[in-house]
1. Count charges around SER543 for me, please; just the other residues with Cβ under 11 Å from its Cβ, Lys/Arg as +1, Asp/Glu as -1.
2. I need the calculated FRET efficiency for the pair ALA312 and ARG409, taking r as the beta carbon distance and R₀ as 30 Å, to the nearest 0.05.
3. List the residues, sorted by chain then number, that are 5 or more residues from THR447 or on another chain and whose placed amide H is less than 5 Å from its amide H.
4. Determine, from the Cβ-Cβ distance of VAL138 and ALA70 and an R0 of 35 Å, the FRET efficiency 1/(1 + (r/R0)^6), rounded to the nearest 0.05.
5. For ARG678 paired with ALA474, estimate the spin-label separation in nm (one decimal), with each label point 7 Å from Cα along the Cα-to-Cβ line.
6. At q = 0.16 Å⁻¹, what is the base-10 log of I(q)/I(0) for the range 416-540 according to the Debye formula with one equal point scatterer per Cα and no solvent? Please give it to two decimals.
7. Once the cut-off is 16 Å, how many percent of the Cα-Cα pairs in the range 233-277 end up in the long-distance tail?
8. Can you list residues from other chains, or at least 5 along the same chain, whose modelled amide H is less than 5 Å from the amide H of THR357?
Amino acid sequence: MTVCRVVETALLRSVLTGMAVGLAEIPIAHHQRPATWILGIGFNIVFALVLWLPAFLLIAAASRNPTARAFWQRLEQPGATRAGAVATIAVIGTLLVLFAVGANETLLRSLQTFHNNAKVSLVIALAAIAAEGLVLIVAFMWAVPYAARRAAQSERLARTLRGWPIALTAYVLGVLILLAAVRVIASFLAPSDPTLGYVGVASLASAVASAMVVRDRIRVNPAVRAMAFLAVAVIGLALYVAALVPQARAELAWNNTPSRAILQQLYALADRDGDGIPGALIGADCNDDDPAISPLARDIPGDGVDQNCSGADAVPEPARGGHPASRSRQSLDVLLITIDTLRADHVGSYGAVHPTTPLLDAFARKATRFAHAYSPSPLTRRALPALLYGRYATTLPFDNKNDAPTLRRNRLPSLPTLFAAAGYQTRVVMSVPGILEASWLDGFAATQTVGNSNSIDNATDVTNAALAAYATAASCGQQSFTWVHYFDPHGPYLRPAGAPDFGDRDEDRYDSEIASLDTQIGRLLRELDASGQLAHTIVVIASDHGEGFGEHGYYFHGRSLYDDQIRVPLLIAVPGGAGRVIDAPVSLVDIAPTLLDLVGMSVPSGMNGRSLADAVEHDVSPHGAVLSELIRDHSWVSRDMVAVIDASGKLIWNIDDDSYEQTSLDRDTPATGQDFGRLRDLLRARLDSELSTVPGEDESRASGRIEATK
């Protein structure tokens, strides 16, 4: 075969492979829009030309090897010989994909279980993966010869694989069956994101089928010309869609697929100034020649420059906060209870399917329940500092150079520093190590970490430690601010002993953990009530963020700004207060100014949060909108998003793809209408008013956004 014919054959195979994988991506990645289908097919053709073209050329070169040539000849021969070769490839490919998916999930589970000890998690994961490898070798030694022998003995399969039209039909059906099988298996092995495994199977099957089809009675030259014309047309149409349909770009970017990799490279090419946001036709960067100007920047009010691409320069506003104490109160203690990874709709009073929280529900009936409370960020390391400081994460001095964002030491006022300055005894009881940072501990006189990285489901021990801390401090006579953080609902989801059994799904075991936790929080409140402590204590119960279970195609948290990630329970009870429900949207950043206001302390200037004291004491609903941010970092958060929420609904701006999504206030159902323009204007105004930089402000209030290192 001449060099030209080798190249032509490889080109044809690559284009066919790209088209097949692009079509397979549609059901795998749940692409809904036809524009996304075109984008995926076009980008997969590009990906195939980049990846599979060299592979096919290498295979052609390696085919001169006697062993490789013998196998290739078996694949070319119709009938039983080809059936055995195809079965061999199918089994090897399936075993390798399953091993890769299983190894990935093993590593993920290990990192979750031993999330604060990377060395331990890595050693355990490698040991488990080595065991999986041994199982793979045993399966390989048995399954490959068995599958090849049975396939060669099948007359029906041999007849099916004799002609290329029938072979192509069989290939399509085979790929669908293979994908369905892998999907079922991977749903157990890798529920987090098995998309890459599915696409890997589709890619391998498509490449093998393309090689079979092209080698069987096709005149290469006319086929190459036809396919080249079709490929150029599809790629051109895909680029057109990429430029003009941001929703298609956003949908394509959700899953780990080859087309997403091409999209990210396209973004990088369109980002001339290197600030991480593309300009031109496909990005939101309003000035792609200046890295200091992008949607990730913070605007400087009154300088005549729109640094954050909101559409206008920020207008200097009077500093929020700074008002004197408005309440004259008797001495009150403060108890702040935070729960990791508890989404609102898995709490009974917020509409849980299972009876997860009877004790919290009883407490909610005597407290102020905020029906629409939102986390400022779906990530613990940004949400909890935002709560303590009363500021959105972007306005806090995060160091984003490490794997996880770290809050730098600073001189900004926070709940512990303000309470300590007012003479309160301050203490924190933390469930596991690795969450608290030195900057968070400023102002806490006593800190206690109950568990270790191997005992993250330890609500009983946390409650015991909190009660012991109260008993020890009872004789001091000081007012106290106590923060207790529970970790239990966080993955991995394991049903605790004695907890209700709601089922075998991850979501069911998650609910079992919540029910077990409810028992311990109920015990803490009951014993504090029995001792008389609650009679002079303000109690706040909240979660830092939610958790996804596949509702939007992803799992865990830090993935988006849908309600499963950011809508959280928030309960505030004051001595003598009445039970009530507030429907207006509020944020966790409102907790700090609310507590300061409720105990009669002044709220310092600069806090983004607003006091909810009137809502708690007088049933007066707050007005205005709240923000939530997803901020790219060097761990698993791979995109930048911001959402604005008010009484009419939510608008999510996917900054990377420059796309908007409007949803209703309940259940994230899609919403459209005249409110879109108003919400977009409100979002831009809030970016300026809440996240802008005041000239001359303390340098510690540096941007929490990641540097342009994408």
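1. That works out to -1.
2. The calculated FRET efficiency here is 0.30.
3. For THR447, the qualifying residues are VAL428.
4. For VAL138 and ALA70, the calculated efficiency is 0.85.
5. 5.4
6. Taken in order of the listed q values, log10 I(q)/I(0) reads -0.83.
7. Of all Cα-Cα pairs in the range 233-277, 40 percent lie more than 16 Å apart.
8. Distant-sequence amide H within range of THR357: GLY348.
The values are calculated or read from the model by the stated rules, or taken from the named source; none is laboratory data. Fair warning: this is a prediction, and the values are worked out from it, not measured in the lab. Note: ideal-geometry Cβ built from the backbone for every residue, glycine included; neighbour counts use all protein chains shown. For accessibility, only protein heavy atoms count, side chains too; no ligands or nucleic acids. Shrake-Rupley method; radii C 1.70, N 1.55, O 1.52, S 1.80 Å.
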